[in-house]
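Structure first, commentary second.
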Amino acid sequence: MERFSDLLDDLYFTNSNLAKEMILTQYLRATPDPDRGWALAAISGTLSFDLFKRNVIKSLMMERMDPVLFDMARDYVGEMSETVALAWPQSPDAVRLNRLPDLHEVIAEFQARDKAGIRDYLINLLDNMSPPQRWALLKLGTRGLRIGMSARTVKQTLAKMKDVEIDIIESVWHGLTPPYTELFAWIDGKADLPDMSDVVTFSPVMLAHPIDEEKDLPRITPQTHIAEWKWDGIRVQVSSTGKETKIFSRKGEDISGSFPDLAQAIDFRGVIDGELLVKPNGEIGSFNDLQQRLNKKKPGKSLMEKLPAHVIAYDIIEQDGVSQRALPLSQRRSALAELVATHENERIDMSEDLTFSDTDDLRNLRKQAAQTGGLIEGVMIKDLSSLYVSGRPKHAWYKWKRDPFLLDAVLMYARRGTGKRSSFYSDYTFGLWNDEGELLPIGKAYFGFTDEELKEIDNWIRRNKTQRFGPVQEVKKELVFEVAFDAAQISKRHKSGFALRFPRIHRIRWDKPANEADRLDALAALLGQ
Amino acid sequence: MQVRPQGLYYVPADAYIDPHDAVGRAIITHGHADHARDGHGEVFATPETLEIMRTRYYLKDETQETGLAYGTRHDLGNGVTLWFASAGHILGSAQAVLEYNGTRIVAAGDYKRHPDPTCTPFEVVPCDVFITEATFALPVFQHPPLEAEVEKLLRSLRALPHRTHIVGVYALGKCQRLMKTLRLAGYEEPFYMHGALKRLTELYEGYGQDFGAWELVSEIPRADKHVFQGKIVLCPPAQINDRWSRRFADPLPTVASGWMQIRARARQKRAEMALVVSDHADWGDLIRTCEETGADNIWITHGRVEALQYALEQRGMKAKALNLIGRDESVE
């Protein structure tokens, strides 16, 4: 338990991902099974049970501490677990332990005990722990760990430990359960990679390069390439054994729970790569519509009827347990077409092959995409001979996005960046004017500028500070950014009523007076309102 | 005793205790900037505190200084006697003991009870009225032993030998206490120091403190970034994530402060390592000290006043909030 607590402290206070990876690697190498596996589960959020409930902690505290003082302390600290961790008063008849139990012993002990037993054990541990250890225990037990390490970074760490591509980890990750002993046996070279053939797992996806119009377009012919719409939904993988179906996001996150209507409709055995969208009233809906489903972990029946989930299939990765990755795209598309046709299903259709004879046709398609009100983001162009390779292989798939929207917005707030940019103000919140002459924030961006420009902006911010709100620095409303973005949506969460997709700084308009920046009407106009 | 806009005023001696504006007669408990100010006509303090004030240009030629070593009694006139008892806060820090008409008032200034190799330990002075601070007066503040925090820093130096450990410390007291404790824990490398910490460190050395070898960062050529890798660089807290720290290869910003016990506070400062190093009494020590003085009345100057007052009253003591303004909590 001591080492687990040290690990969490080290990770919590480290800002850079690289340093976090190093810290986690050292821990995983030095710690025996099954402790390291439980720690891995706690960090990547794959524990499936609470060790104790939050109200148990609270009631223990109320028995031990004046409630007025506890409330004052919690208000000051801002959080219950940490308040308890710091303020826990030793029991007068505390039972001293010679050593703290190991992480796996703690987990097994809590699971084996009944309600009263859980209380006693929790008291005994808290009495014997230091504040950071108590914090680790309380966060572990209630599954409330937030240490700023994504599941992706955790997998990256494991991949580096074995010196393999992250895909290999991804390919088994979703079939494994804590404490991950088979995984570590493989990493240590004592066993083969766990066999996941009967388990529904995520299979790492293939991605496209942005097209280089000069170099790439001349290569493209209707004989060698296909063109498809690039839909503005989310890229998903539908993976099914025929009995069990899971839907994974592009990064391997299991989002089946949000889309049971789609998962239940799958009756083939295979893995499909496609775009997840919703179809209100039988028509493909906007990303904004999809967002309403994405936000719901357990969607209600009426929401599912109003916004039914739908997949536009791009590719097939596996069929009847056989990987299709090594087949050329032309053959995979035929197989996909056959599968979609034989398993007639209103929730899946296949992405259309767009007809073109030359690059002018492709240019026209891209222009058409720009007139779909954001439903279509652009055109995908894929080499028919391309194999399905995870990552971003060269000259296989291209994406050709429609031109971004541009607006002149005014810098309002800035935050310091992390890693290489630590201590530089590099995260910017900007806004547009409303009718009352008020600036309302419409988005944040932290890239799109060069290192040189970053220094200039940083310098400007330091000279134009106004108020400070914790880490957020407010500045004089005088600097104009030309902001590029892919789409705008109506958003109730933002005061301006809009949210931008993929905003970035396109240009810094040092020359432009802030009062000449765009107004919110301009954004509304883009949305066709 | 009155609370006036300039600060705490002791009527029988016509003197202020740690006033934050210039006054005619000031009793100064210690050299931190929120207690010691410039421009007073007459100053009473320990010799060490006077020396600190002189180094910081708080004393002018025309200032009338009276240096009183711990325990030395001084007649303030009108039947008032002043003497200083050690407060254990920083070098020269003192509790002001005022005796008048058979009543003894102790104004403790800032104090701590945890051991500190760079200053004299706190002395409990039985009194009728005890005037205490409440900076860390919440049950969540239970300061760990400094050795454990120093060990955390040493562990990190071993685990991340390529990173420059930049430790933000207040220039007076905390800097020297941390250096000394690191030496006692066996750290043998030179300390690299921001210029702002130099004069007060030399002042401590003048009182016989030995911090081993230290060098100014500014005296090492900019190109020699590798010199600092895996070493400790000390600077004022504001510098750990500022331009100054950009000169180091792979810096690891660390803050040493009592506030660091609260994780969110450490994150706000963008500290990657939080060392709980406090020169104030923690919750348990505040209450224990109030009890040990045997005082009938406890007056609370600044900090989490409400919580301490509540806790003392729950224990049957008479406690009153003075609500002094102007004490800067970020200076801890």
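Counting only protein heavy atoms and using a 1.4 Å probe, what share of the accessible area of region A:405-526 belongs to carbon plus sulfur, as a whole percent? Walk me through the intermediate numbers first.
Details: 2970 of 6050 Å².
Here carbon and sulfur together make up 49 percent of the probe-accessible area.
Ignoring ligands, DNA and RNA, please state the percent of accessible area on region A:209-401 from carbon and sulfur, probe 1.4 Å. Display every interim value, and only then the final one.
On the way: 4430 of 9290 Å².
With neighbouring chains kept in place, the figure for region A:209-401 is 48 percent.
How big is the convex hull of the Cα atoms of region A:195-308, per residue, in Å³? Working shown, then result.
On the way: hull volume 17.6 nm³, N = 114.
Convex hull volume per residue, Cα atoms: 154 Å³.
List the extent of the Cα atoms of region A:209-401 along each of their three principal axes, largest first, rounded to whole Å.
The Cα atoms of region A:209-401 stretch 49, 39, 28 Å along their principal axes.
Would you calculate, for chain A, the mean residue ellipticity at 222 nm contributed by helices, counting each DSSP H stretch of 4 or more residues as -39,500 (n - 2.57) and dividing by all residues, to the nearest 500? Please report the intermediate quantities before stating the final value.
On the way: 20 runs with 197 residues, N = 529.
Value at 222 nm, helices only, nearest 500: -11000 deg cm²/dmol.
I'd like the accessible area for A:Tyr446, computed on protein heavy atoms only with a 1.4 Å probe and all protein chains in place. Round to 10 Å², please.
It works out to around 130 Å².
Given the C-alpha centroids of region B:26-69 and region A:371-421, what is the distance between them in whole angstrom?
64
Mind checking the per residue accessible area of the protein assembly as shown for me, 1.4 Å probe, whole number of Å²?
Numbers: 36890 Å² over 861 residues.
For the protein assembly as shown, the solvent-accessible area averages 43 Å² per residue.
In sequence order, what are the phi-derived ³J(HN,Hα) couplings for region A:54-67 according to the Karplus relation 6.51 cos²θ - 1.76 cosθ + 1.60 with θ = phi - 60°, rounded to whole Hz, with x for glycine and proline?
Those phi angles translate into 4, 6, 5, 4, 4, 5, 4, 5, 5, 6, 9, 9, 3, x Hz.
Let me know the shape class of region B:146-275, please: from the alpha-carbon gyration tensor, a ≥ b ≥ c as square roots of the eigenvalues, rounded when a/c is under 1.5, otherwise prolate if a/b is greater than b/c, or oblate.
Details: a/c = 1.32, a/b = 1.08, b/c = 1.22.
Rounded, since a/c falls under 1.5.
Using a loss threshold of 50 Å², tell me which positions in region A:49-96 are less accessible in the complex than in their chain alone. Probe radius 1.4 Å, ligands and nucleic acids ignored.
Buried by 50 Å² or more upon assembly, which counts only protein chains, are A:Leu69, A:Met72, A:Tyr76, A:Glu82, A:Leu86.
By its C-alpha gyration tensor, with a ≥ b ≥ c as the square roots of the eigenvalues, how is chain B shaped: rounded for a/c under 1.5, else prolate for a/b larger than b/c, else oblate? Could you put the intermediate results ahead of the total?
Numbers: a/c = 2.23, a/b = 1.61, b/c = 1.39.
Prolate shape, in that a/c is at least 1.5 and a/b is the bigger ratio.
With a cut-off of at most 15 other beta carbons within 10 Å, and DSSP calling the residue loop, which trypsin sites (Lys or Arg not before Pro) in region A:237-266 qualify? Please list them.
Filter output for region A:237-266: A:Lys243, A:Arg250, A:Lys251.
Any chance you could check the Cα centroid distance between region A:301-317 and region A:219-268 for me, in angstrom?
After rounding, the separation between the Cα centres reads 9 Å.
Starting from the Cα gyration tensor of chain A, take the square roots of the eigenvalues, sort them a ≥ b ≥ c, and report rounded, prolate or oblate (rounded when a/c is under 1.5, otherwise prolate if a/b is larger than b/c, else oblate).
In terms of gyration-tensor shape, oblate.
Hey, any idea what % of region B:146-275's accessible area is carbon plus sulfur with a 1.4 Å probe?
On the way: 2460 of 4950 Å².
Of all accessible area on region B:146-275, carbon and sulfur atoms account for 50 percent.
Grab the DSSP H runs of chain B that are 4 residues or longer, score each as -39,500 (n - 2.57), total them, divide by all residues and round the 222 nm result to the nearest 500 deg cm²/dmol.
On the way: 7 runs with 69 residues, N = 332.
Helices in chain B give a 222 nm mean residue ellipticity of -6000 deg cm²/dmol.
Write down the percent of antiparallel bridges among all DSSP beta bridges whose residues are both part of the protein assembly as shown, to the nearest 5. Don't jump to the answer; show the numbers that get you there.
On the way: 90 of 136 bridges.
Antiparallel bridges: around 65 percent, rounded to the nearest 5.
To the nearest 100 Å², how much accessible surface do chains B and A cover up together, summed over both, with a 1.4 Å probe? Could you put the intermediate results ahead of the total?
Working: alone 13890 and 26070 Å², together 36890 Å².
Its buried surface, counting both partners, is about 3100 Å².
Under a cut-off of 18 Å between alpha-carbon atoms, report the lysines in cross-link reach of A:Lys139, not counting same-chain residues fewer than 8 places apart.
Excluding near neighbours in sequence, the set is A:Lys53, A:Lys58.
For B:Ala137, list long-range residues whose amide hydrogen, built 1.01 Å from N in the peptide plane, is under 5 Å from its own amide hydrogen.
Hits under the 5 Å cutoff: B:Arg304.
For region A:124-134, in order, what is each residue's ³J(HN,Hα) by Karplus, 6.51 cos²θ - 1.76 cosθ + 1.60 with θ = phi - 60°, in whole Hz (x at glycine and Pro)?
4, 5, 4, 5, 9, 10, 7, x, x, 5, 4
Ordered by residue, what ³J(HN,Hα) values in Hz, to whole numbers, does region B:128-140 give under the Karplus form 6.51 cos²θ - 1.76 cosθ + 1.60, where θ = phi - 60° and Gly and Pro are x?
8, 10, 10, 9, 10, 8, 9, 3, 10, 8, 8, x, 6
Tell me the relative contact order for region A:1-91 as a rounded percent, counting alpha carbon contacts under 8 Å between residues six or more apart. Walk me through the numbers before you get to the answer.
Numbers: 22 pairs, mean separation 15.0, N = 91.
It comes to 16 percent, rounded to a whole number.
GluC sites (Glu not before Pro), restricted to region A:408-486: which are DSSP loop and have at most 10 other Cβ atoms within 10 Å? Before the final figure, lay out each step's value.
Values: sites: A:Glu436, A:Glu438, A:Glu452, A:Glu453, A:Glu456, A:Glu474, A:Glu478, A:Glu482; in loops: A:Glu436, A:Glu438, A:Glu478.
Passing sites in region A:408-486 are A:Glu436.
Near A:Lys296, which lysines are there with a Cα under 20 Å away, not counting those fewer than 8 places off in the same chain?
Partners found: A:Lys246, A:Lys251, A:Lys279, A:Lys306, A:Lys492.
What residues does region B:134-182 have that are buried by at least 30 Å² of accessible area in the full protein assembly compared to the chain on its own, 1.4 angstrom probe?
B:Leu138, B:Pro139, B:Val140, B:Gln142, B:Arg155, B:Ala159, B:Leu160
Restricting to DSSP loop positions (anything but H, G, I, E, B) with no more than 10 other Cβ atoms inside 10 Å of their own Cβ, which GluC sites (Glu not before Pro) remain in region B:1-106?
Details: sites: B:Glu42, B:Glu48, B:Glu51, B:Glu62, B:Glu65, B:Glu99; in loops: B:Glu62.
Counting only loop positions with at most 10 other Cβ atoms within 10 Å, the GluC sites (Glu not before Pro) in region B:1-106 are B:Glu62.
Need the list of lysines near B:Lys174 for cross-linking: C-alpha distance under 20 angstrom, and skip anything on the same chain fewer than eight residues off.
The qualifying lysines are B:Lys112, B:Lys152, B:Lys198, B:Lys231, B:Lys269.
Threshold 40 Å², probe 1.4 Å: give the residues of region B:239-278, in number order, that are less accessible with all protein chains present than with their chain alone.
So the qualifying set is B:Asn241, B:Arg243, B:Arg246, B:Ile262, B:Arg263, B:Arg267, B:Arg270, B:Glu272.
Distance from the Cα centre of region A:14-88 to that of region B:299-315, in angstrom?
With region A:14-88 and region B:299-315 each reduced to a Cα centre, they are spaced 30 Å.
Cα-Cα over 21 Å: which of A:Lys444/A:Lys495; A:Lys160/A:Lys230; A:Lys444/A:Lys465? Provide the component values of the computation, followed by the final result.
Values: A:Lys444/A:Lys495 14 Å; A:Lys160/A:Lys230 33 Å; A:Lys444/A:Lys465 18 Å.
Going by Cα-Cα distance, A:Lys160/A:Lys230 fall outside the 21 Å limit.
Highest mean first, what order results for B:250-262, A:209-221, B:111-123, A:140-152 on Cβ atoms within 10 Å? Kindly include the intermediate steps, with their values, before the conclusion.
Values: B:250-262: 23.3, A:209-221: 13.2, B:111-123: 19.5, A:140-152: 17.1.
In decreasing order of mean packing, B:250-262, A:209-221, B:111-123, A:140-152 become B:250-262, B:111-123, A:140-152, A:209-221.
The values are calculated or read from the model by the stated rules, or taken from the named source; none is laboratory data. Quantities reported herein were computed from a predicted structural model and do not represent experimental measurements. Positions of Cβ are backbone-derived with ideal geometry, glycine not excepted, and every protein chain shown enters the neighbour counts. Ligands, DNA and RNA are stripped out before the accessible areas are found, and what is left, the full protein with its side chains, is counted by its heavy atoms. Shrake-Rupley method; radii C 1.70, N 1.55, O 1.52, S 1.80 Å.
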